[in-house]
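The values are calculated or read from the model by the stated rules, or taken from the named source; none is laboratory data. Just so we're clear, the structure is a prediction, and the values are computed from it rather than from any experiment. So basically every Cβ, Gly included, is an ideal-geometry build from the backbone, and we count neighbours across all protein chains shown. Please note that ligands, DNA and RNA were not included when accessible areas were found on the heavy atoms of the full protein model with its side chains. Shrake-Rupley method; radii C 1.70, N 1.55, O 1.52, S 1.80 Å.
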Amino acid sequence: GWPGAGKSTFVAALCWDEEILESFLGRVFFLPVGRSPEVRRLSEDLSTLLGVPAPPGASLGALQGRIANALSQSPVLIVLDDVWEERDVAPLLLTGGNSATLVATRRLDVATRFTTVAEGPLRLGLLSGEDSLRLLRFRAPSIVAENNDACEELARALDGLPLALRVTADLLQVEAEAGFDV
């Protein structure tokens with residue numbers, strides 16, 4: 001999805017979903033990856049989260065073996081957020097048993113290579129004008145109620161980007177408290 005479309009927010013909310021937590025016995029781990037990650041550091045972070053810290057000087061292969069073993073012991077969901085290149089996270093795709101990995105990326109080619117379902121990757125799109133205004137109304141209800149036309153115009157100008165709408169709603173609240181209008 002587009003930058004600001006809500007990928008990170010979506011996967012973070014998914015991490016706290018009751019059904020997801022129950023399915024993975026509360027063992028849901030969110031790892032931000034970013035544009036130029038250090039695969040070794042990500043592997044060490046994941047190993048620590050799984051409760052199997054790496055011995056000093058352990059090779060990446062040994063670390064991967066420890067991770068794979070931990071994943072085969074009990075169900076774990078690993079969420080890798082903001083993935084730019086497949087090669088950056090390929091060493092972490094070691095699911096076993098009832099474990100799973102969810103990858104969030106803005107790149108369709110990367111998402112497609114990770115997809116294991118026939119429907120393909122889930123694409124987060126932009127919000128409609130109505131949903132954009134609904135988000136503004138949810139975050140800043142009194143401001144939208146008092147300035148509906150201006151907020152509709154603002155929602156259109158933000159092109160349905162959830163993050164931009166959310167930040168704008170929060171700024172509207174701050175600006176209103178300071179005596180400014182929309």
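When restricted to residues that are assigned to a helix (DSSP H, G or I) and open to solvent by 40 Å² or more (accessible area, probe 1.4 Å), region 15-53 contains 11.
Selection within region 145-169: residues that are within 23 Å of the chain's Cα centre (by Cα) and open to solvent by 60 Å² or more (accessible area, probe 1.4 Å). The member of this set that is farthest from GLU130 (Cα to Cα) is VAL167. So, in region 121-144, exactly how many residues are of a type outside the set (Ser, Thr, Tyr) and open to solvent by 60 Å² or more (accessible area, probe 1.4 Å)? Residues flagged as of a type outside the set (Ser, Thr, Tyr) and open to solvent by 60 Å² or more (accessible area, probe 1.4 Å) within region 121-144 amount to 9.
Checking the structure you have, find out if any residue of region 74-82 is of a type in the set (Asp, Glu), out of contact with any Lys or Arg (no Cβ under 6 Å at 6 or more places or on another chain) and closer than 12 Å to THR101 by Cα. Taking every residue of region 74-82 in turn, at least one turns out to be of a type in the set (Asp, Glu), out of contact with any Lys or Arg (no Cβ under 6 Å at 6 or more places or on another chain) and closer than 12 Å to THR101 by Cα. Would it be correct to say that PHE114 is open to solvent by less than 50 Å² (accessible area, probe 1.4 Å) and out of contact with any Gly (no Cβ under 6 Å at 6 or more places or on another chain)? When the stated conditions are applied, PHE114 passes them. Inside region 120-148, residues that are of a type in the set (A, V, I, L, M), in contact (Cβ under 8 Å) with a residue 12 or more places away in the chain and within 24 Å of LEU108 (Cα to Cα) make up a count of 3. Applying the condition of being in contact with a Gly (Cβ under 8 Å, 6 or more places away or on another chain), within 16 Å of PHE24 (Cβ to Cβ) and assigned to a helix (DSSP H, G or I) to region 54-105 and asking which residue is most open to solvent (accessible area, probe 1.4 Å) yields GLN73. Scanning region 5-14 for residues that are open to solvent by less than 70 Å² (accessible area, probe 1.4 Å) and either in a helix (DSSP H, G or I) or farther than 16 Å from VAL103 by Cα (or both) gives LYS7, SER8, VAL11, ALA12, ALA13, LEU14. When THR112 is tested against (1) within 22 Å of TRP16 (Cβ to Cβ); (2) of a type in the set (Ser, Thr, Tyr); (3) not in a loop (DSSP other than H, G, I, E, B), only condition (1) is not met. Kindly check whether there is at least one residue in region 77-86 that is in contact (Cβ under 8 Å) with a residue 12 or more places away in the chain, of a type in the set (A, V, I, L, M, F, W, C), closer than 22 Å to TRP16 by Cβ and touching a Cys at 6+ places or on another chain (Cβ under 7 Å). Checking region 77-86: at least one residue is in contact (Cβ under 8 Å) with a residue 12 or more places away in the chain, of a type in the set (A, V, I, L, M, F, W, C), closer than 22 Å to TRP16 by Cβ and touching a Cys at 6+ places or on another chain (Cβ under 7 Å).
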